[in-house]
Amino acid sequence: MEEELLEEILASYRGDRGELVPILQEVQDNLGYLPEKSMVDIAKFIGVPESHVYSVASFYAQFRLLPLGRKRIAVCRGTACHIRGAPQILNRIEKTIGLKEGETSDDLEYTLETVACFGCCALAPCIRVNMDVVGEMTSEKVDELFPPVIEGVKNDQ
């Protein structure tokens, strides 16, 4: 399926070197990340070394080389959220789902990240799960939103 999608994407380009970033963006928009095989095929298509495609993809923060989880959790690190307990919320989420910031679970259920600010300061502390912002976060809300990784184990603290 990835190969068919990549062929379809590449069909709308000429294969010029200057098209690399737009091609990478379109592939990621469709797949959620940049698979290694796709980057190899893109390198062949535009006539550059594979290392060049990888260096561009790894240079820009917008590109992901690994897939995201189905539930993408972002914790706000803005000043209002920080003051109102975001570090403790992040810690609780890390313990509950068994991930550190920047990690994705092996089963691709969760990706955990932080962001500078959502702009929802009146709701601080807040998180976003996919596109839904959840404000006034508490440890209890974390427990409600995310079941413990090990079934039957109650979250402590």
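Could you check, for region 93-110, whether at least one of its residues is outside the structural domain of Met137 (by TED's automatic domain parsing), in contact (Cβ under 8 Å) with a residue 12 or more places away in the chain and among the acidic types (Asp, Glu)? Steps first, please.
Within region 93-110, the subset outside the structural domain of Met137 (by TED's automatic domain parsing) is none.
Scanning region 93-110 turns up no residue that is outside the structural domain of Met137 (by TED's automatic domain parsing), in contact (Cβ under 8 Å) with a residue 12 or more places away in the chain and among the acidic types (Asp, Glu).
Residues of region 64-80 that are farther than 10 Å from Tyr110 by Cα and more than 9 Å from the chain's Cα centre (by Cα): Leu65, Val75, Cys76, Arg77, Gly78, Thr79, Ala80.
For region 97-111, a residue qualifies if it is at pLDDT below 95 and among the basic types (Lys, Arg), but none of them does.
Looking at this structure, is Glu94 at pLDDT 95 or above and of a type outside the set (A, V, I, L, M)? First the steps, then the outcome.
On the way: at pLDDT 95 or above: yes; of a type outside the set (A, V, I, L, M): yes.
Considered against the rule, which asks whether it is at pLDDT 95 or above and of a type outside the set (A, V, I, L, M), Glu94 comes out as yes.
Among (1) surrounded by 13 or more Cβ atoms within 10 Å (Cβ to Cβ); (2) closer than 23 Å to Asp132 by Cβ; (3) not assigned by TED's automatic domain parsing to the domain that holds Gly102, there is one condition Val27 misses while meeting the rest; what is its number? The number of the failed condition is (2).
Scanning region 61-105 for residues that are charged (D, E, K, R) and either farther than 21 Å from Asp143 by Cα or part of a loop (DSSP other than H, G, I, E, B) (or both) yields Arg64, Arg70, Arg77, Arg84, Lys100, Glu101, Glu103. Residues that are of a type in the set (Gly, Ala, Ser) and surrounded by 14 or more Cβ atoms within 10 Å (Cβ to Cβ) were ranked within region 112-157; the one that is modelled with the lowest pLDDT is Ser139.
The values are calculated or read from the model by the stated rules, or taken from the named source; none is laboratory data. Source: prediction; values computed, not measured. Glycine also receives a Cβ, built like all others from the backbone with ideal geometry; neighbour counts cover every protein chain displayed.
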